[in-house]
Amino acid sequence: MIALLKMEDLDQVEEIEKSSFVNPWNRQYLAKEISDNEIGEIYADVEDGVVIAYGDIWYMFENCDLTRIAVREEYRHKGYGQKMMKHLISMAKGRGCEFMHLEVNVNNADAIGLYERNGFETMRTRRNYYENGDDAFDMLRILVEPEARKILAIESSCDETACAVIDEDLNVYSSVVTSQIDVHARFGGVIPEVASRMHVEQISTIVRSAVDQAHIGINDISAIAYTIGPGLIGSLHVGAIAAKSLAFFYDKPLIGVHHLKGHIFINEMIRPLQYPLMALVVSGGHTELVYIENDQSFKIIGTTLDDAIGEAYDKVARVMNEAYPGGPVIDRLARQGRPHYQLPTPKVEGLDFSFSGLKNAVLQLVKKEESAGNPIDKNDLAYAFQEVALHSLIKKTKMALEQYPCKMLVLAGGVAANSRLRELMNENFTDIDLLLPPLKYCTDNALMIGCAAVHYLKNKKFVELDAASEPSMSIEY
Amino acid sequence: MLTLCIDTAYKYLTCVLIKDGRIISSYSEECFKKQSEEVFMALKKVFAKASVSPESIDSICISEGPGSYTGVRIAMTIAKVIGEILPCDVYTISTLRLYAAGRENCMVVMDARANRVYCGIYDRDRIIMDDTAVAINELDCKDYTVIGDGALLGKENYYGDLSEAFLKTRNMWKKADNISYLTPKYLKESESYSR
């Protein structure tokens, strides 16, 4: 058992000293070390009254010195040195020490091996350190595990005001989102000026809630992240100014995150991404196939030539006199629908998409049926539209994976919440590692900006306080 | 008592540090539509010049509008976020009243586009006509000193020293009771943006 060395065991220690060191400590010195040295502690491993090993530490605030460690000769190479070392390190950590320092004779291979196995690194060589002229290594071990750095992230690119605190290991401390969707639903879509105004109204409350819920101070944060683009310029501005305010007032590095990278990296809440990676990004503003070689290399290999898929959903919903946003509405109606109406499959070369032809076909079909006096079956129409639209996504994604073999496929963006799309993805991509974002993370949130910011932080990609927001920023940037 | 004052509402970017009733550092430059990129650069300069840390401020005063919508949102966002997180007191003053700077009988006008102006009439700390958006041809400025976009009324454009203006209007600053409820003074309702 290892405990503090007792006076009664001093004789044994003196004996071990003599057989272990060229400059052994004598009994008087050891006694003083126990009784008078307020910063020093000797720990001894004693079994059945036999001192097997001991170690001496001097504690000096955040630093400590390992001044001695020795194992009785006949007990060497049996793991007692390692046991003592482990104990000493845990004692030092318990005292709040950040570093442990020691000197060792360059010729003492056994001891050096023990120290290296325990995480010590040689800092420098001291020439002629010992009385016999031998050199010594100065060795150091950092005792505190570096704490995962925390990021405060702000998202305001469209109609959600959001703030979250997350760390590098993706531990979530808080995530607060307010949606303006009810307001915009009244207008049948997002009105940019209205969105900007609501962001300003909400921003301080949202940031405050995220900070409060995380039980941290801004000074515990390592970086401030925000959506730099793409998005509505007025909306982006509010989040940018809020983030820069914190970065400036608290002197923190600033990270400008690409919104779609957020949608992609939120998938890491499930599992780490594997590269090369294919991302199918589907939202109200984007329909893109992105080939990702590593966390810094993004290549758009397919994109929409006209409407984004989410936009097509909204427009089709409007044609059917259904509420904004159209995605959830059509998804729900289509569940009740049957094959009935015929809509043309978009014909686009290569990996690109097109949805405006399909949207117009829906409009024509509705007009034709109405003028013929046939009531529209909304369920069947939603079904017809959704099947054509989603199958074109699946088809192009398959083609993309043939051209660009990948280890993993991820779905990203607001439309990733569509139940039929998730079904089709699961059915069609069984031979590749497929990640579908959890439903709660499909719509815009700040956690996704935080997840992406973790990569920016690791790659030291920061922006300055005068960075301009970029409403139509490419993911390749 | 250290107060940071910011005006980003219109053509100028003005940042001032007022300590115990005295300007200790200021920045005021024409910066139309570039405020969102420039404002923190200006703040950096102002704090560096005064050799104080941003965290050491006791309060913020901002011009709340009217003005360019994007512009008024900049200072408002800074004040709301910092006021809430630091935390510190937040004061606001109408942009037009700030421009009036406590002068006698003055009419402040600011281009609101489409032949309209934002206009307020002030006499020292009295409000003669509260801020409003009006058609240019409805304005009669003959009894007043015109401040702001005077050229729209056949006078000269004149904005004065906006750093001094913050200092001179100190007794007119309004303290925000609840920072989360603060909103810019747009003088045009959200509802008017419906399609």
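The values are calculated or read from the model by the stated rules, or taken from the named source; none is laboratory data. Model, not experiment: these values are computed from the prediction. We place every Cβ from the backbone using ideal geometry, glycine too, and count neighbours over all the protein chains shown.
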* To do: Could you identify the single residue in A:P253, A:P276 that is surrounded by fewer than 22 Cβ atoms within 10 Å (Cβ to Cβ) and not assigned by TED's automatic domain parsing to the domain that holds A:V183?
  => A:P276
* Do the conditions hold for A:I264, that is, is it surrounded by 24 or more Cβ atoms within 10 Å (Cβ to Cβ), of a type in the set (V, I, T) and without any contact (Cβ under 8 Å) to a residue 40 or more places away in the chain? -> no
* Structure fact -> Sole miss for A:A384 among (1) free of Cβ contacts under 8 Å to residues at least 60 places away in the same chain; (2) surrounded by 19 or more Cβ atoms within 10 Å (Cβ to Cβ); (3) on the phi > 0 side of the Ramachandran plot is condition (3)
* Asked: Any residue in the range B:177-190 that is in a helix (DSSP H, G or I) and more than 30 Å from B:G21 (Cα to Cα)?
  -> yes
* To do: Hey, could you check the range A:187-221 for residues that are of a type in the set (V, I, T), within 8 Å of chain B (Cβ to nearest Cβ) and under 23 Å from B:C88 (Cα atoms) and say which is farthest from the chain's Cα centre (by Cα)?
  => A:V200
* To do: Please state which of the following conditions A:E62 fails to meet, knowing it meets all the rest: (1) modelled with pLDDT under 95; (2) acidic (D, E); (3) crowded, with 18+ Cβ neighbours inside 10 Å.
  => (3)
* Structure fact -> Residue set A:G302, A:G350; condition on the phi < 0 side of the Ramachandran plot and of a type outside the set (D, E, K, R); output residue A:G302
* A:G234 in a strand (DSSP E or B), within 14 Å of chain B (Cβ to nearest Cβ) and at pLDDT 95 or above -> no
* Tell me which residues, restricted to the range A:208-228, are surrounded by 21 or more Cβ atoms within 10 Å (Cβ to Cβ) and more than 20 Å from B:I78 (Cα to Cα). => A:A214
* If you check every pair at least six apart or on different chains, which have Cβ atoms under 6 Å apart with a residue in the range B:56-82 that is free of Cβ contacts under 8 Å to residues at least 40 places away in the same chain first and a residue that is among the small types (G, A, S) and assigned to a helix (DSSP H, G or I) second? -> B:T77/A:A242; B:V81/A:S204; B:V81/A:A242; B:V81/A:S245; B:I82/A:S245
* Does any residue of the range A:447-468 turn out to be under 24 Å from A:I181 (Cα atoms), in a helix (DSSP H, G or I), β-branched (V, I, T) and touching a helix residue (DSSP H, G or I) at 6+ places or on another chain (Cβ under 6 Å)? -> yes
* Structure fact -> Picked from the range A:430-446 (must be outside any loop (DSSP other than H, G, I, E, B) and without any contact (Cβ under 8 Å) to a residue 24 or more places away in the chain), the residue nearest to A:K398 (Cα to Cα) is A:L439
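Here's the yes/no breakdown for (1) surrounded by fewer than 22 Cβ atoms within 10 Å (Cβ to Cβ); (2) within 14 Å of chain B (Cβ to nearest Cβ); (3) modelled with pLDDT under 95:
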{"residue": "A:L421", "(1), (2), (3)": "no, no, no"}
{"residue": "A:N426", "(1), (2), (3)": "yes, no, no"}
{"residue": "A:Y456", "(1), (2), (3)": "no, no, no"}
{"residue": "A:E464", "(1), (2), (3)": "yes, yes, no"}
* To do: For B:S63, state whether it is over 15 Å from the mean Cα position of the chain (by Cα), polar (S, T, N, Q) and either crowded, with 24+ Cβ neighbours inside 10 Å or closer than 21 Å to A:Y250 by Cα (or both).
  => no
